[in-house]
1. Along the Cα→Cβ direction, 7 angstrom out, place labels at D169 and R155. What is the inter-label distance in nm?
2. What is the gain in length, in nm to one decimal, between E85 and T140 on full extension, counting 0.36 nm per residue of separation less the C-alpha to C-alpha distance?
3. Which aspartates and glutamates have a Cα lying under 14 Å from the Cα of K165, excluding residues fewer than 8 positions away in the same chain?
Amino acid sequence: MLKRLLLVPAALFLAWGCASSPIKSTHDYDPTIDFSGFQTYAFISERPMIVASEGVPNPLTEGRLMQAIRDDLDAKGFREVGDPEQADMAIAFTVGARDQIRVDSYPTSYRSGFYGGGGFYGTRGYGGVYGTETVVRQYTEGQLAVDIFDVASRRPAYHGTASKKITSDDREDPRPLLRAATAEALGGFPPPAGPPAG
């Protein structure tokens, strides 16, 4: 029964662009669920990672993210149990990467040639011509979604996402990024009482 819930994270997976290096995150939750009763957690299966992109993922990513999630939840006072049916909440997560294109246009200026080598006089209105330079950049955006399910009701309880432009440093050693993305995705858990903001 719990394994059927794996379809939910893929459907809710974040899909917006991120052209800057900081991690962007979102948090959402079901306000009808009493999170104060959650004390234990388990991963939804032995292989809780869903891959939502083409290509072959690094096989070490799953274990690293599982440990990052454990560290975050343990630090918040939750306790892991082995059997998801015996836990208060079940954890699944989705990872992906996709190519993005950023197009920027900048005003440029150049000599019109009216004055030969006489220089640029654009600020005075003669001799200067303004144009536009367009720069196209391609980059890869990494994405993470962490989903927490209420085992008792078999309902999604919390959905957190993190998204970041992947740099060469991230590719060389992905561990700091994975931990930071996990912290961002779980930054709103446990949620406050009441409906989510926005």
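1. With each label placed 7 Å out from Cα toward Cβ, I get 4.3 nm.
2. Values: separation 55, 0.36 × 55 = 19.80 nm, distance 3.74 nm.
Length difference between fully extended and current span is 16.1 nm.
3. Leaving aside aspartates and glutamates fewer than 8 places away in the same chain, those within reach of K165 are D99, E141.
Quick note: the coordinates plus some simple rules give every number you see, no bench work behind them. Since the model is a prediction, treat every value here as computed from it, not as a measurement. As a convention, Cβ positions derive from the backbone with ideal geometry for all residues, glycine included, and neighbour counts pool all protein chains shown.
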